[in-house]
Amino acid sequence: MIRRIAILTSGGDAPGMNAALRVAIRAGLYAGKEMYVIYDGFRGLVEGDIHQVNKEFTQDIINRGGTIIRSARLPEFKEDEVVERAANNLRDFEIDALIGIGGDGTYKGLCALSKHGIKVCGIPGTIDNDVGSTDETIGFQTALNTICECVDKLKDTSGSHQRCSLIEVMGRHCGDLAMHAALAEGAEDVICVEHPLKENKLFSKLRKMKAQNKSHAIIIVSENLLDIKDLADKISKQTGFEARTEVLGRLQRGGEPCAHDRILSARLAAEAVRLIIEEEGSKVVGMKKGDVVSYPIEEAVEMKHEHIHGLRHLIDMLQ
Ligand code: F6P
């Protein structure tokens, strides 16, 4: 019988993590369970930073960005001895199950714990939308809205100077933020891991736009692919557009979660608590085609994220 459940957030924080935390705690309390939080992700788990919480703890956090129980990255959590220390801390507190909110790295950590006899459940929370076992992750839509707000503002100044703006967005190794932002903003081009730079094609398109006296050009670039300053220099030299670069950085992770992410958090976290209480084995929850689904965690960590088909075609077609 499950009596005590703990929750942690791990990896890059994402808007909506607090909303998910709130639902998980409330759903657990509603089912008569004792609820605990762990500060600073797996690091706090290894250090035993584990605290019982009540309903008051969750007041006024539904709309707060970041994660009130903080997050951390702990590369050492791959080591068996570190995982065992974490599992022992949970046993010392007589905690029967752990819910982790985060991305791929978090799932790997949870999976390692499950191999050490801990029942776990993963909830996908990352702005990157790169988790294989779900179509959408908590935080993605909010980050996308933030990017669009920034690009809207950049368009004003870009148009006033007839410039080409190169805007670098996050996503780690996944192009979803870049592609969705490019479509939502009517960008001239998108460069991401799924659609790498085609320099000649881009330059000739920009030259043509310049010849037509177009007011500005917007290019969305995923992080970790290329040096946008170098590309901006080349554009300035070869196309007639004066190019400028903007790296949106961690601005994309901040801010109040949008309604979509709050609702997603509620659906996923409630299901995570139900699975922990009612079903055998360690799982992850996710969304597939609008429905809440779950997978055994060892299966989930092997799954590859599927992109929505046809976005690139739309971006090109709507030029
Ligand atoms: O995973 C979320 C994310 O924001 C990625 O998009 C980015 O590559 C990474 O985290 C940055 O991590 P950090 O803030 O630890 O440097």
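Quick note: the coordinates plus some simple rules give every number you see, no bench work behind them. Fair warning: this is a prediction, and the values are worked out from it, not measured in the lab. Methodologically, a virtual Cβ is constructed for each residue, glycine included, from the backbone with ideal geometry; neighbour enumeration extends over all protein chains shown.
Details
- Relative contact order %, the chain, counting alpha carbon pairs below 8 Å whose residues are six or more apart: 23 percent
- Ala217 long-range amide H proximity, modeled H, under 5 Å: Arg163, Cys164, Ser165
- You can think of it this way: the chain between His51 and Ala259 has 72.0 nm of extra reach, that is 0.36 nm per residue less the Cα-Cα gap.
- Sorted on the mean count of surrounding Cβ atoms within 10 Å across their residues, most packed first, peptides 50-59, 109-118, 168-177 read 168-177, 109-118, 50-59.
- Cross-link reach list, lysines versus Lys119, counting only Cα pairs under 25 Å and skipping chain neighbours closer than eight places: Lys33, Lys55, Lys78, Lys108, Lys283, Lys288, Lys304
- Stretchable slack from Asp233 to Asp291, in nm (0.36 nm times residue separation minus alpha-carbon distance): 16.3 nm
- The range 30-183 - percent relative contact order, Cα under 8 Å, separation 6 or more: 15 percent
- Gyration tensor verdict on the chain (Cα atoms; rounded if a/c is under 1.5, prolate if a/b is larger than b/c, oblate otherwise): prolate
- Global form of the range 35-84, assessed from the alpha-carbon gyration tensor, a/c cut-off 1.5: oblate
- Global geometry of the range 1-54, whether rounded, prolate or oblate, following the gyration tensor of its Cα atoms and the 1.5 cut on a/c: oblate
- Mean separation of Cα contacts under 8 Å, 6 or more apart, over the residue count of the range 170-319: relative contact order %: 25 percent
- Residues of the range 50-72 with amide N under 18 Å of a point placed 7 Å along Cα→Cβ from Asn88: 50
- Working ranking of peptides 233-244, 276-287, 192-203 by packing, defined as the average number of other Cβ atoms within 10 Å per residue, highest first, is 276-287, 233-244, 192-203.
- With neighbour counts taken as other beta-carbon atoms within 10 Å, the residues Cys148, Cys164, Cys258 rank, fewest first, as Cys148, Cys258, Cys164.
- Mean residue ellipticity, 222 nm, helices only, the chain: the sum of -39500 (n - 2.57) across DSSP H runs of n ≥ 4, divided by residue count and rounded to 500, is -13000 deg cm²/dmol.
- In the chain, the DSSP beta bridges split such that about 25 percent are antiparallel, to the nearest 5.
- Relative protection proxy for 132-141, 262-271, from highest mean packing down: 132-141, 262-271 (other beta-carbon atoms within 10 angstrom).
- The modelled label-to-label distance for the pair Leu197/Asp316, using points 7 Å beyond Cα in the direction of Cβ, is 1.9 nm.
- Span-rule helices in the chain, defined as complete DSSP H runs reaching 15 Å or more along the axis (Cα) with Kyte mean at least 0.0: 17-30, 259-278
- The range 1-89 - charge dipole about Cα centre, Lys and Arg +1 at Cβ, Asp and Glu -1, debye rounded to 20: 460 debye
- For the range 140-253, Kirkwood radius (reciprocal of mean inverse C-alpha pair distance, Å): 13.8 Å
- DSSP beta bridges in the range 140-253 [antiparallel fraction, %, rounded to 5]: 5 percent
- Here the dipole of the range 140-253 is about 400 debye; that uses its Cα centre as origin and unit charges on the Cβ of Lys and Arg (positive) and Asp and Glu (negative).
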